[in-house]
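Reviewing the structure listed below.
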Amino acid sequence: MRYYIHADQFYLPNGREKGGYLEIVDGKFGTYLPEGSQVPDAVDYTGFSVAPGYVDTHIHGSVKEDVMKSDWEGINRLSEALLSAGVTSWLPTTVTASSEQLAEVCRMLAAHQGEESGAKIQGIHFEGPFFTGEHAGAENPKYMMDPSPAELDKWLEASKGMLKKISLAPERPGTPAFVSYAVSRGVKVALGHSSASYDQTKAAAQAGATIFTHTFNGMPDFSHNQPNIANAAMALENMDNELIADGHHVTPSAIKALLAAKGKDHIVLITDCMEAGMMPDGDYMLGELPVYVKDGMARLKEGDNLAGSVLQLKDGVKNLVDWGLAGKEEAVLMASYNPARSQGLLDKCGAIRPGLPADFLILKDDMSLVKTYLNGEIRWEE
């Protein structure tokens, strides 16, 4: 089946195109044609923009479903719900837990690989367990351990190769060697939940780590005379920075400083959303830790630390634009192209490009979401 989309603008990988037509062929993107081209009757989205589907590489749950506790039916329900957030690809993200609990999650997801009916699972992200306790945040310190290639091998086998990203603390003994090994096995390494010095962080980066986990959260504050992991997150080149743009985890002024230091090409918008996403205020869990949600924030009942978020990725994009921190095109790329690139997924998602699955969004001028397409079909609309 072949059809065309007409819209006011299209957010393409190499720039925004005003007007024109986008070809969809058998559920995949075809060619973009400029305004005035002769095409058969097109689906008309005059007054709207077309963006690639968003890619959330760090998300624990929503709609009372959680990667650590939900069965496959629950995971698939979560994948369906994510379409309403503009997310068409995602990495189910664990929390720090026992080695066997993590292996069980891997086995469950691997047993159903490719069966999800909503947002596409593009791999698994392990947030932990190789963290340190001082900046544990909502991670459970009792399960934290030093990096182990043998453990990684166990999880890769259990996941049938689906484990694609792991977040760890650079100061853990043996980190550089582990990072090199993980990268050699096709796993992207992110750095966070850490008290590491600048030099320890740089050593992990030089070994192959390429991402900072929810920048500024789960790490000490930036220091002008005792440089640490937060300084490294601002200063190290060719590193991507996860960012939770809900206004609670990182203030707009801090986001402005991060953008000035790193540039739009290295910001990866994430949600870090937990099971309370898309749900009313109340009591919830993150892993084994009790959480309460109030006024748009999820916090631990014990200690009051922020415990993930209830952010939807479409709102993170809109926030950056509303706060005047990014242009529309920049914000879209931070939620689509950049996360896909950071995970080596640009052959699967994150861009409107011929041959890729036609996963795309219809956006209003104010960046709010109108419709979500998956494989060229409308799967959610307001």
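The values are calculated or read from the model by the stated rules, or taken from the named source; none is laboratory data. Note that this is a predicted model, so its numbers are computed, not measured. Virtual Cβ from ideal backbone geometry, glycine too; neighbours counted across all protein chains shown.
The listed residues are 180, 148, 159, 167, and the only one of them that is in the same structural domain as residue 308 (by TED's automatic domain parsing), touching an Asp or Glu at 6+ places or on another chain (Cβ under 6 Å) and of a type outside the set (A, V, I, L, M) turns out to be 167. Only one of (1) touching a residue at least 60 places away in the same chain (Cβ under 8 Å); (2) surrounded by fewer than 24 Cβ atoms within 10 Å (Cβ to Cβ); (3) out of contact with any Leu (no Cβ under 7 Å at 6 or more places or on another chain) fails for residue 249. Which number is that? Only one criterion is unmet by residue 249, namely (3). Out of 57, 94, 88, I need the residue that is under 23 Å from residue 370 (Cβ atoms), modelled with pLDDT of 95 or more and crowded, with 21+ Cβ neighbours inside 10 Å. Which one? Answer to the selection: 88.
For residue 333, the test of being crowded, with 17+ Cβ neighbours inside 10 Å and in a loop (DSSP other than H, G, I, E, B) is failed.
The single condition among (1) farther than 21 Å from residue 103 by Cβ; (2) under 23 Å from the mean Cα position of the chain (by Cα); (3) at pLDDT 95 or above that residue 165 does not meet is (1). When residues in region 158-196 are screened for being crowded, with 19+ Cβ neighbours inside 10 Å and of a type in the set (S, T, N, Q), 4 of them pass. For region 135-142, does any single residue satisfy the condition of being assigned to a loop (DSSP other than H, G, I, E, B), assigned by TED's automatic domain parsing to the domain that holds residue 169, of a type in the set (D, E, K, R) and at pLDDT below 95? The answer is yes, given that some residue of region 135-142 is assigned to a loop (DSSP other than H, G, I, E, B), assigned by TED's automatic domain parsing to the domain that holds residue 169, of a type in the set (D, E, K, R) and at pLDDT below 95.
Taking the criterion of being among the aliphatic types (A, V, I, L, M) and either closer than 18 Å to residue 327 by Cα or part of a loop (DSSP other than H, G, I, E, B) (or both), the residues of region 348-377 that qualify are 351, 352, 356, 358, 361, 362, 363, 367, 369.
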